[in-house]
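The values are calculated or read from the model by the stated rules, or taken from the named source; none is laboratory data. Values in this document were obtained by computation on a predicted structure and should not be read as measured data. Ideal geometry is used to build each Cβ from the backbone, glycine not excepted, and the neighbour counts take in all protein chains shown. Surface accessibility is based on the protein's heavy atoms, side chains included, excluding ligands, DNA and RNA. Shrake-Rupley method; radii C 1.70, N 1.55, O 1.52, S 1.80 Å.
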Amino acid sequence: MAPSLSLYLNLFRRYLLHDWLRLSLLVILTIGGLIFRVWAPQWLRVYVDAAVQAEGTELLLRATFFFTCCSLIRHACTIASRIISESIGLRATDALRSDAVAHCLSLDLSYHKERTAGEMISRLDHDLNSISDFFSKFWSGILVSVFALLLALLVIWLELACLGVVLAISTSLSLYGLLKLKDFTVPYLVSEMPAMADHYGTLEEQFTAAEALQANGALGYTRRRFNETLAVWRTTHRNAYLAYNAMWSGMQIAFSINTVIAFAVCYLYWRQGAIEIGTAFMLVAYSEQLRQPLSELRQRFSDLQRADAAMIRLGETLATKSSLGDEGILELGSTAVAVTFDRVQFAYSDEQAVLNELSFHLSAGKTLGLLGRTGSGKSTLVRLLMRFYEPQSGRVLLGETPLHDYTLQSLRRSIAYVSQEVQLFRTSLRDNLTFFDKSISDDDLLHALEILGLQDWLTELPQGLDSVLGSDFGLSAGESQLVALTRAFLKQPVLVILDEASARLDPITERRVSLAMQLLLQGRTGIIIAHRLHTLEGVDKILILERGSIAEFGDYETLKDDPSSLFAMLLKEADEGLLSDISDREVTA
């Protein structure tokens, strides 16, 4: 299915028309180039007739001079228009690329879970590069070529109507054939793109997991998987390549037909004395002028093939809507808020529910220790609270207000989430701390680090805030957690979620991280997901999940002092060395 014309027009209107100054200059250069392109063969006729009739050197030199000037000016206009056209196209597609990336990032997690990073790179890079090529060459490639064809055919018709009509019919049939061939070959190009995206996705997975693959001797499997996806891509690429180049053969036939027609008609009219030899040369030159526009159109139609295929996928991407509505109008305040789950039911698909009628309340400014084995629903609870997903039934509230009544921007800005896996960027520590927010000053950064007791850590770094991760130095797991905690503090959140942020750290670094966590939680509502029980010392409430339901919920001290409570039994097992990590323990109420 070819993309609709309205999609192209909307893109041109949104991303090109605002650049009207460059477009105006492009129009002027294009018109100038076309004028000199059509004018040049007129001097060729003068030159040939003067040479045949031995008119003298002066006329030959004048004809040569003006022919050369016309050619040079035409080429200068062509070069300048292509440069400007390329600039316009790049600016337009950069804006389109930015909007497409922003749109994809705004989609809910279910969209990203279903697609690999390699596929997304293919959609947002390779596809948009194809559209960029088309945008940048549309004016100089298609419109200019069409105008050049029409002007050349008009001049030929004015000079020799019979030849003009025949070449117009031949050219029209050639263009019609190209358009039909384009529609026929687009599906082959479309079929190549998913195969390429699958291959890139496989590469991304393999390079990301290189350490695990080498450690487990899985290189043989990865090579087989690489060859499988490559074989599929190779087959689809071959079909797309044949379709892409089928137009070349058709255009060569069109060239040959037009050239034979021009020579034959001019020869017949010259033999009959109906035209001069100079006119014959001029008409052949004009017929040859049809070759370049037709060749350019053939190339641009080939680009249009790829652009069509890319536009289909881009249209699919832009048409995808997040399953999360953003109709909320409220903003979270700056004070701690209560958290309430009211009979929440949730499942990722049609499979068994991950959360079953989950209900609990955490007062504002209190901290909750969240326990449960792997698969009990801890991460799902957090994702619902961050509003990455919507529950199938029930409500999640902050304060007395359901989450969907708040704007998504307000939620994401006011809730801080710190996990074991910290995403770091290959840039300065400053940008890693601020997430590239230039409105946060160095004084604010230093103040936050001082409050969290991290100023000594900062002085140990080679270039302080200007230290570049991965270049000047690398961060340990504990130092990465310090970066994440500082990020969270800079947000001044009303709710803090810590997902075992101090796990798997050496004792010294763990004490530093734990102290920073305590300072971050002061005056805020907090949820701490824990696998090791000692990290929950000082929390107000304990919630133990099992298979999406509450196995136990209550005050920390009350449950700790009750020998019959599940939490007390877990603490006892931990003290006796029978339990080091609750994540793999089967718990029952």
Filter result for residue 130 (under 25 Å from residue 241 (Cα atoms), open to solvent by 20 Å² or more (accessible area, probe 1.4 Å) and either hydrophobic (A, V, I, L, M, F, W, C) or at pLDDT 70 or above (or both)): no
Failed condition for residue 346, given (1) open to solvent by 60 Å² or more (accessible area, probe 1.4 Å); (2) over 25 Å from residue 570 (Cβ atoms): (1)
Exclusive hit being modelled with pLDDT of 80 or more and open to solvent by 40 Å² or more (accessible area, probe 1.4 Å), set 167, 160, 150, 143: 150
Residue in segment 221-231 that is open to solvent by 70 Å² or more (accessible area, probe 1.4 Å), at pLDDT 75 or above, closer than 22 Å to residue 126 by Cα and not aromatic (Phe, Trp, Tyr) present: yes
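Taking segment 82-100 on its own, how many of its residues are surrounded by fewer than 15 Cβ atoms within 10 Å (Cβ to Cβ) and either acidic (Asp, Glu) or within 20 Å of residue 321 (Cα to Cα) (or both)?
Applying the first criterion (surrounded by fewer than 15 Cβ atoms within 10 Å (Cβ to Cβ)) to segment 82-100 yields 83, 87, 90, 94, 98-99.
Checking the rest, the ones that are also either acidic (Asp, Glu) or within 20 Å of residue 321 (Cα to Cα) (or both) come to 94, 98-99.
Count: 3.
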Among (1) at pLDDT 85 or above; (2) within 46 Å of the chain's Cα centre (by Cα); (3) surrounded by 15 or more Cβ atoms within 10 Å (Cβ to Cβ) - the single one residue 568 does not satisfy: (2)
Residue that is surrounded by the fewest Cβ atoms within 10 Å (Cβ to Cβ), among those in segment 454-493 that are closer than 14 Å to residue 513 by Cβ and aliphatic (A, V, I, L, M): 477
Residue tally, condition buried (at least 18 other Cβ atoms within 10 Å of the Cβ), out of contact with any Leu (no Cβ under 6 Å at 6 or more places or on another chain) and modelled with pLDDT under 85, over segment 433-453: 0
Any chance residue 88 is at pLDDT 80 or above, more than 16 Å from the chain's Cα centre (by Cα) and of a type in the set (Val, Ile, Thr): no
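Residues in segment 103-119: is at least one under 20 Å from residue 306 (Cβ atoms) and either open to solvent by 10 Å² or more (accessible area, probe 1.4 Å) or in contact (Cβ under 8 Å) with a residue 40 or more places away in the chain (or both)? Spell out how you get there, then give the answer.
Within segment 103-119, the subset under 20 Å from residue 306 (Cβ atoms) is 118-119.
Restricting the remaining residues to those that are either open to solvent by 10 Å² or more (accessible area, probe 1.4 Å) or in contact (Cβ under 8 Å) with a residue 40 or more places away in the chain (or both) gives 118-119.
The answer is yes; a qualifying residue exists.
Okay, residues lined up against (1) open to solvent by 50 Å² or more (accessible area, probe 1.4 Å); (2) of a type in the set (D, E, K, R); (3) under 27 Å from residue 329 (Cα atoms); (4) in contact (Cβ under 8 Å) with a residue 60 or more places away in the chain:
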{"position": "399", "(1), (2), (3), (4)": "no, no, yes, yes"}
{"position": "412", "(1), (2), (3), (4)": "yes, yes, yes, no"}
{"position": "417", "(1), (2), (3), (4)": "yes, no, yes, yes"}
{"position": "422", "(1), (2), (3), (4)": "no, no, no, yes"}
{"position": "425", "(1), (2), (3), (4)": "yes, no, no, no"}
{"position": "428", "(1), (2), (3), (4)": "no, no, no, no"}
Filtered residues of segment 456-475 (kept if under 32 Å from the mean Cα position of the chain (by Cα), at pLDDT 75 or above and not in a helix (DSSP H, G or I)): 467, 468, 469
